[in-house]
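Okay, structure first, notes after.
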């Protein structure tokens, strides 16, 4: 069935055990991304659609030369509101009241909100020389919060996986441009 879908790496959260499924498996994922790249390259060469929204959105981002200082708009211009009126900076945090930044009745607590927003990638020293920093933007803020990361940047293995993925996205973008 040809249905649009999105693909993302799972991360350690309240839903799975202590170990992220990709820890120690960089070589495995690199091979999988290479296979995926060949698959999508063939689809591009045959003028067939790509149904993976993650890839098509990233190709569009590259085409439009969009850059992101923040991984998302969570707590900046996007909020989640639950049925009891609690306000959260991200829908991924709306399962637990300890992550609430306010309530519709009482408003948003600005001090709490400041601690529940993604960091500007320009302020993250570990990302300062990374070629994908404005594409990755140091990853998902709520993911980092949920698994208790102290660092603003991604761990080395995740950075490597992001670079491999972005290399694939750029490769596919070039193939699409060459095809058109």
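Only the coordinates and a few stated rules stand behind these numbers; no lab work does. For clarity, every value in this text was computed on a predicted model and none was experimentally measured. Every residue, glycine among them, receives a Cβ derived from its backbone with ideal geometry; neighbour counts consider all protein chains shown.
Over all directions, average the projected area of the Cα convex hull of region 63-108 and note it in nm². Working shown, then result.
Details: hull surface 16.3 nm².
Mean orientational projected area (region 63-108, Cα hull): 4.1 nm².
Relative contact order for region 73-117: what percent, with Cα pairs under 8 Å and sequence separation of 6 or more? Walk me through the numbers on the way to the answer.
Numbers: 66 pairs, mean separation 14.9, N = 45.
About 33 percent, as a whole number.
Take the alpha-carbon positions of region 85-150, form their convex hull, and give its projected area averaged over all directions (one quarter of the hull surface) in nm². If you can, show how the numbers build up before the last one.
Values: hull surface 20.3 nm².
Computing the convex hull of the Cα atoms and averaging its projections yields 5.1 nm².
How high is the FRET efficiency from residue 104 to residue 31, r the C-beta distance, R0 45 Å, rounded to 0.05?
Numbers: r = 49 Å, r/R0 = 1.08.
It comes to 0.40.
Residues 120, 96, ranked from the fewest to the most other C-beta atoms within 10 Å, line up as 96, 120.
Rounded to two decimal places and with Rh computed the Kirkwood way over Cα pairs, what is Rg over Rh for the chain?
Details: Rg = 18.2 Å, Rh = 18.1 Å.
In the chain, Rg relative to Rh is 1.01.
As a length-normalised measure over Cα pairs under 8 Å and 6 or more apart, the relative contact order of the chain settles at 26 percent. When both bridge partners sit in the chain, DSSP labels roughly 80% of those beta bridges antiparallel.
In the chain, helical runs assigned H by DSSP with n ≥ 4 each contribute -39500 (n - 2.57); averaged across all residues and rounded to the nearest 500, the mean residue ellipticity at 222 nm is -12000 deg cm²/dmol.
Listed from fewest to most Cβ neighbours within 10 Å, the set 76, 124 follows the order 76, 124.
Order these by the 10 Å Cβ neighbour count, fewest first: 27, 119.
Numbers: 27 8, 119 17.
Result, fewest neighbours first: 27, 119.
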